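Q: Please find one structure pasted underneath; my questions will follow.
The values are calculated or read from the model by the stated rules, or taken from the named source; none is laboratory data. On a predicted model such as this, the values are computed, not experimentally measured, just so you know. Cβ coordinates were reconstructed from backbone atoms using ideal geometry, including for glycine residues, and neighbour counts include every protein chain displayed.
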Amino acid sequence: MRILKGIAVSDGVAVGPAFVYRVQEAAGAGPDRRAATGEAARAAFAEAVEAVRDGLRALRERAAAAAGSEEAAIFDAHLLMLEDPLLAEEVERRLREGRPLGAAVEEAIDALAAMLAALDDPYMRQRAADVRDVGAQLLRAIRGAAAGAAFEGLARPSVVVAEDLTPSDTVSLPREYVRAIVTEAGGPTSHTAILARAMGVPAVVGAGAGLLDLAEGRLLAVDAREGVVYIDPDEATLERLAQAQRAEAGAAARRAALRALPAETVDGFRVELAANLGHPAEADAAVAQGAEGVGLFRTEFLFLDRAEPPTEDEQAAAYREVLERMGARPVIFRTLDVGGDKPLPFLPVEAEANPFLGYRAIRLLLDRPEIFQTQLRALMRAALGRLTERGEPQARIMFPMVATLDDVRACRRAFEEAWRAVAGSGDRDVERSRPLFGIMVEIPAAALMMDVLAREIDFASIGTNDLTQYTLAVDRTNPRVAARADTLDPAIVRLMHRAIAACREAGTWVGVCGEAGGDPAAIPFFVAAGVDELSMSPGRLPAAKERVRSLDRRELARRLEAALQAGTAEEVRRIFDVGSA
Ligand code: PEP
Ligand code: MG
């Protein structure tokens, strides 16, 4: 038995024979135009773009039908990349220099991918793989080759092993035969990860070079709870994993039975369970998993990978789509959260030594009112006339990286200016749908000042990812210190407790939208502290509901007292270890 360690990106356990996937190609579907130059090259490039565009549209349709909207959205991103003027410019520049078409496209793709790969943000770095995927399709079209039937040999339930999977690979994947996915490369935000979570199959990525040769024809056992892959597992391992599989199947059935019940503790304390989304297409899956609303809609997707900012109309259409797909459920939109670590081509920010402490989010947008106001107006236009079932405004607007009361007031002024522009003097019906005004509590200063800030806002949501990073001084993108970033550290528990208590005192609605909001170990703390809502990745909702329903707040009060006196994260975890969910 050999054991490989990778990154767990989609929970679960599976055993099966390895199916090793290698990219193949069928040759000779059309003329090879790689050597073309000048006008002939331009015409061939335009034809190749056209062919790839048709192909991507078809893939998007198939993905939407087979896997759901989250995966289909990947192809929208690919279409944007294909049509990116920067790509056309990079190719054109090389053609003008007399380069043949094949080399011009290859070099242009390399340049764009290298640009993305050099960025600090891991999400953007992984988009380099998308550029290469689109580039490979373009080159294939130029070469006159057709894509091969790469998964032809996959005809029985298997563990799919690959270097990495591109979105176009995964559409042709016969899902009924995929027990698990293991890749040599890739990270938590790679497409393999997104796909695996969408399919609900266990996945381990980044298991290391050489995996493809090692795994050929072998039996594999995948424990994606731990990120471990066993090659030729022994009997004891197989028995342990079989037990885990039985337990998982039982848990899934139990959770499905709770689908129609509220997230309510034994003693009747009700928590709203909401989803964190990053694209309108993800809304349907969230509702299917039982989301009662959206606790965090990250709006960055509209702004990334493009040379010009999106127009007000384009933004309003996207925000409206989210509101419509969510029915009459409440949706919290977060304004653009970019800056030094996530630069945008149309919003250049100088490189900074400490981008997480730098010029980002509202700090940047308050200086760029044309972009800020356009987004706020688009959000408000989408919100006009839309109410929840309870007759409250359906849309809520949340500002990230708020540190001080001055920040709150500056955001409030921007908010009011946009509302005046959209609603005018406004009749009563329009005024009823006026979005609620809220802030993210993700900077310790804001958490400490919550009693003061709470008086000037409609709601708050705790961003535990950044709050943890800033409180413990642990860079969330640095793997060397990642293990120190524990949201259940007593310092953060005290800080969150203080902020939640201040909101409750002021009668201000408070939710949680960082990763800890969906963590079964942290949920007892949030329920004990009395949050109104927990927002998380949609896939975590069923387990979170089961967790909430197993708790008794009267009993948790004692544990909360103890946790506020605890000295280590381990003690806090032990205190809130209230049976398994
Ligand atoms: C957070 O900081 O906890 C959060 C939810 O926002 P993001 O992860 O997008 O920074
Ligand atoms: Mg944040």
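Q: State which residue is nearest to ligand 1 (Cβ to nearest atom) when the search covers only the range 434-448 and only residues that are assigned to a helix (DSSP H, G or I) and surrounded by fewer than 24 Cβ atoms within 10 Å (Cβ to Cβ).
A: Only one residue tops the list, namely Pro444.
Q: Suppose we keep only residues that are within 15 Å of ligand 1 (Cβ to nearest atom) and not in a helix (DSSP H, G or I) within the range 457-472. Which one would you say is surrounded by the most Cβ atoms within 10 Å (Cβ to Cβ)?
A: Ile462
Q: Within the range 381-406, how many residues turn out to be more than 16 Å from ligand 2 (Cβ to nearest atom) and either assigned to a loop (DSSP other than H, G, I, E, B) or more than 24 Å from Thr464 (Cα to Cα) (or both)?
A: Here the count works out to 15.
Q: Would you point out the residue of the range 329-360, among those that are assigned to a strand (DSSP E or B) and of a type outside the set (Val, Ile, Thr), that is nearest to ligand 1 (Cβ to nearest atom)?
A: Here the residue is Arg334.
Q: Restricting to the range 518-559, name every residue that is under 22 Å from Glu505 (Cα atoms) and touching a Phe, Trp or Tyr at 6+ places or on another chain (Cβ under 7 Å).
A: Pro524, Phe525, Val527, Asp532, Leu534, Arg553, Arg559 - these are the residues of the range 518-559 that are under 22 Å from Glu505 (Cα atoms) and touching a Phe, Trp or Tyr at 6+ places or on another chain (Cβ under 7 Å).
Q: In this structure, is Leu534 closer than 16 Å to Arg270 by Cα, modelled with pLDDT of 95 or more and within 13 Å of ligand 1 (Cβ to nearest atom)?
A: Values: closer than 16 Å to Arg270 by Cα: yes; modelled with pLDDT of 95 or more: yes; within 13 Å of ligand 1 (Cβ to nearest atom): yes.
Yes: the conditions hold for Leu534.
Q: Does Ala317 fit the bill of being modelled with pLDDT of 95 or more and over 21 Å from the mean Cα position of the chain (by Cα)?
A: no
Q: Just to be sure before I move on: is Ala221 part of a helix (DSSP H, G or I) and either within 22 Å of Gly12 (Cα to Cα) or among the hydrophobic types (A, V, I, L, M, F, W, C) (or both) in the structure I sent?
A: no
Q: Could you say whether any residue in the range 265-284 is more than 26 Å from Glu533 (Cα to Cα) and surrounded by fewer than 18 Cβ atoms within 10 Å (Cβ to Cβ)?
A: no
Q: Any idea which of Asp458, Asp451, Asp486, Asp466 is away from ligand 2 (no atom under 16 Å from the Cβ), charged (D, E, K, R) and at pLDDT below 95?
A: Criteria check complete, one pass: Asp486.
Q: As an exercise: evaluate His497 against (1) crowded, with 21+ Cβ neighbours inside 10 Å; (2) farther than 12 Å from Ile439 by Cβ; (3) touching a residue at least 60 places away in the same chain (Cβ under 8 Å) and give the number of the one condition it does not meet.
A: (1)
Q: Tell me which residues, restricted to the range 261-291, are part of a loop (DSSP other than H, G, I, E, B) and under 30 Å from Leu116 (Cβ atoms).
A: Just the residues of the range 261-291 that are part of a loop (DSSP other than H, G, I, E, B), to begin with: 261-263, 265-269, 271, 278-279, 289-291.
Gly278, His279, listed by residue number.
Q: OK, next. When the residues of the range 292-316 are filtered to those that are part of a loop (DSSP other than H, G, I, E, B) and within 16 Å of ligand 1 (Cβ to nearest atom), which remaining residue is nearest to Lys342 (Cα to Cα)? Walk me through how you get there before you give the answer.
A: Applying the first criterion (part of a loop (DSSP other than H, G, I, E, B)) to the range 292-316 yields 292-293, 303-311.
With within 16 Å of ligand 1 (Cβ to nearest atom) added as a condition, the list becomes 293, 303-304.
Working: Gly293: 27, Phe303: 11, Leu304: 9 Å.
So the residue we want is Leu304.
Q: Could you tell me whether Phe525 is aromatic (Phe, Trp, Tyr) and farther than 28 Å from Glu282 by Cβ?
A: On the way: aromatic (Phe, Trp, Tyr): yes; farther than 28 Å from Glu282 by Cβ: no.
Criteria not met by Phe525.
Q: Ok, one more. Could we say that Ala410 is of a type in the set (Gly, Ala, Ser) and part of a helix (DSSP H, G or I) here?
A: yes
Q: Which residues, taken from the range 229-244, are more than 11 Å from Ala14 (Cα to Cα) and either within 27 Å of the chain's Cα centre (by Cα) or part of a strand (DSSP E or B) (or both)?
A: Once the filter is applied, which keeps residues that are more than 11 Å from Ala14 (Cα to Cα) and either within 27 Å of the chain's Cα centre (by Cα) or part of a strand (DSSP E or B) (or both), the range 229-244 yields only Ile231.
One line per residue, one yes/no per condition, for (1) among the β-branched types (Val, Ile, Thr); (2) touching a strand residue (DSSP E or B) at 6+ places or on another chain (Cβ under 9 Å); (3) modelled with pLDDT of 85 or more; (4) not in a helix (DSSP H, G or I):
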position: Ala18; (1), (2), (3), (4): no, yes, yes, yes
position: Ala36; (1), (2), (3), (4): no, no, yes, yes
position: Ala43; (1), (2), (3), (4): no, no, yes, no
position: Val49; (1), (2), (3), (4): yes, no, yes, no
position: Asp54; (1), (2), (3), (4): no, no, no, no
position: Ala58; (1), (2), (3), (4): no, no, no, no
position: Ala63; (1), (2), (3), (4): no, no, no, no
position: Ala72; (1), (2), (3), (4): no, no, no, no
position: Asp76; (1), (2), (3), (4): no, no, no, no
